[in-house]
Every structure is written in C-alpha cells, then in structure tokens.
1. Between A:Asp76 and A:Tyr35, with labels modelled 7 Å along Cα→Cβ, what's the label distance in nm to one decimal, could you check?
2. So for each of B:53-63, B:164-174, A:101-111 I average, over its residues, the number of other beta carbons within 10 Å; can you give me the resulting order with the highest mean first?
3. Per-residue Cβ counts within 10 Å, from other chains only, averaged over B:232-239: what number is that?
4. Sequence neighbours fewer than 8 away in the same chain don't count; with that in mind, list the lysines whose C-alpha is under 20 Å from B:Lys41.
5. Across chain A, how many lysine pairs, 8 or more apart or on two chains, come within less than 26 Å at their alpha-carbon atoms?
6. Partner chain Cβ atoms within 10 Å, averaged over the residues of B:83-90 - can you pull that number for me?
7. Along its three principal axes, how long is the protein assembly as shown when you only count alpha carbons? Whole Å, largest extent first please.
8. Could you order peptides B:231-237, A:42-48 by the average number of other Cβ atoms within 10 Å of their residues, highest first?
Amino acid sequence: MTERKRITDIHAYLEQFEDVPGTRVFTAARARKGYHINQCAMSLMKPENRERFKADERAYLEEWNLSEEARQAILDRDYNALLDMGGNIYFLSKIISTDGLSFAEAVSSMTEHNFEDYKAMMAAGGRSPEGVRSIKGKY
Amino acid sequence: MARITAGIASSHVPLLGMAVDQGKTGDDYFGPIFAGYEWTKDFEKQEKPDVVILVYNDHASAFDMKIVPTFAIGCGESYKSADEGFGPRPVPDVEGHPDLAWHIAQSLILDEFDMTIINEMEVDHGLTVPLSMMFGTPDEWPARVIPLAVNVVTYPVPSGNRCWALGEAIGRAVESFPEDLNVQIWGTGGMSHQLQGPRAGLLNREWDNKFMDLLIGDTDEARWIEHIEYIRETGTEGIEMVMWLIMRGALGKKTRCLHRHYHIPCSNTAIGHLVLEPKPAG
Ligand SMILES: [Fe+2]
C-alpha cells in the first residue's frame, strides 16, 4: 500500500490535503478559522440553548463572535460555505440534529444530488473514488 | 493475570443506535447489517469478557474545541450517554474499571505514551453504538468498559504507526495487571465514509476489504498507511480506521479471524466488522 516512512515535512504533509477534490480537511488552520462557528454549533447540545436558537436564530447568533457571513451561512444552512469558513461537520451536526434532519439528508445538501438521488447513489454502492482522489493527479 | 483474549472492530454509525433504540433492527434496511453481528452476540455470551477497552472517537460531545487530546483514557467509575442534539440514547450507564484503567494509564505513561486522563465525561454514539451492536439491549452492560478516546477530527491526527504502537503498549500493560481478567479490545469507527463537501457519499468496498485483510495474520503493513491514503481512498471520515490499528496492535504479532462482516451502505457509511483472536507466532 505504501512505503514505510515517518512524516517529517509538515508543509508537504499539509499541502497534500488541498489536493483532494470537493473536500476540506479539518487542519489546524481551519480549526482556528472556524473556532467560534464550531463552538456556537456545539452550544446546541444543551436543550435550553436549542430552544432559544429555535425561538430566534438571528438573536442567538448575535451572541456569538461570528462574522456576518458566518451568521448568514448558518441561517441558510449552507454547509459548504461553513466548511470553507472552518466549520467541521461533527460540530455542525448539532445544527442538523436541532433541525431534526437525518445526517444523510444534511450531507446530501453539500453534494450535486437532491436527497432522493443521494440515497439512490448510496444504495447503489456510494460515490466511487475513481477520478476524485486527486486534483493534480486526476485519478 | 489479565489477558487480552479477543479484538473486535466495528463501525459505529449513529443511525445504528437509532435503529436499536426504535426497534428497527430487523427491517429491510437494517436487517442485513444487524445479521452480521448475530455471530458476535453469541460469541460475547460465551466469552463473557470482564472488561472491554473501547477505542473510539468523541464526535464533539464530551470534548469541544477547547481541549483536543490526542489519546485520552477514561479512569472514571461510570459514564453517562451524551445528548448529541436529540436527547441522550436510552442505554444503561457505562461502568468503568478504574483499577485496570489507572494501571494502563500509568503503564502507558512510563512506556512514553503521554496519555490524557479523564475522570468524568459523557460518552457518545462512538462508544455506545458498538456496545449495542455486540451486546444488544440488556438492562445493564455485561462488561466493564475502559473508554480510550482518540482525536481523529482535528489534524494532524495520530499516525497509523503510533496507533499500532499504542496498541502494543496496551497489550503489555494489560499483561502486567495482577488480577485474573478476561479483557477484550475493540477498535471502532469507519469504514469508508465522507460526511462533508461535494465529495460526500464516497465509499470504497475494495479498499475497505483490503484493509480488513491486512489486520489478519502476521503482517503489520497497515501501520504504514498514510493519512492521505485514507482520505483519498475512503473519504475524510475513513480516517477513523486508524483506531482499528490500536486494537490490532494490542493483539500481538499474529491474529486469526473468527468472524467477518461487510455491508454497504448504512446512511453515508460502509459497515465493517471483524472478530480477531491473538495467535501465538509460529
Ligand atoms: Fe465516528
């Protein structure tokens, strides 16, 4: 599968993650950028916060140190935009649960498919890695 | 003397927990998934492990971004099921084994693995779903559990080699515990899945099965698989499979496969399940 070597070059290590199509690997840089988005989403684990969020989402988001862009992306449930801003799906999943959505439905919203087509793709064996492993290598 | 008698690998998809909690494990969608765990449920009834060292990852439940421990071991008396946004799973509390857990924690630190010690936390689907898959729905879990949480979310996550070596060190630690205990180690998470971005929904049956092959017998090739290969071949969340290597490392030089199951899909994820036993070399 791969030769025996230890990772010694942090720059090369991080750079390869940018070579995967349609993917935002949760690197330290993204974790720093998205810190408040993720902590805000995380706060929805508490039932009382879920209630306050549902009652007035905008007001709830105003309490957090978020950019206007991030607030809007949360209001729009634009998960791809949130990933670009350093959101991580495990934190964002607290918003998905608060909405009472299935994980698969929210995940499908980030793809080219609607939920029905996404489910059909999964039932047929999922998305093939063929052609989406590497941007540079095109394989 | 305590001994590790078996290693179990399993996916820990949250939807499986919901299927158990809502009594849907026999329906058309879930039936074929749960059927592959029947063998293991019987095995566990015969084996009656005293303790399970349960390697899993927390999915932004007990840990948020405030603290991100790479390897953390639960030394507490008991753990409650976490509220992941839709109320806690209605499962029994998880009883710990502080004596063995503290023994392992101390041994690992002396063995140069700088563990984070956890005395109190809640445990999410990463830990409770495997318990449901292997033990069903008892009033209380039939084994004590030592949670071993691994960061597989914020990069860099630990290397495969480091995970394998940690498993080896856990094996040594268990063997030096004086009490006579039947201990199992479970590695959970995976297999192929990607839950984010336009590439979400990626599954890779061929690679997953090759990975399972590499955990059987005397090869240790899997410890050298790089993070980027998991991501390219199995999706961003496929990286969880490094946790299976901790289980495999703890079983020693050679293993024998007692049971194997693979099913696509469960929600966004490929389900993989292995039961292994350590086999003396030769
Ligand atoms: Fe997981």
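1. About 2.6 nm, to one decimal.
2. Per-residue Cβ counts within 10 Å, averaged per peptide and sorted highest first, yield B:53-63, B:164-174, A:101-111.
3. 4
4. Candidates past the 8-residue exclusion: B:Lys24.
5. The number of close lysine pairs in chain A is 10.
6. Across the residues of B:83-90, the mean count of other-chain Cβ atoms within 10 Å is 5.
7. 60, 48, 46
8. Going from most to least packed, we get B:231-237, A:42-48.
Rule-based calculations on the coordinates, nothing more; no lab input. In this text the structure is predicted, and so the values were computed from the model without any measurement. Here the Cβ is made from the backbone with ideal geometry for all residues, glycine too, and neighbour counts use every protein chain on show.
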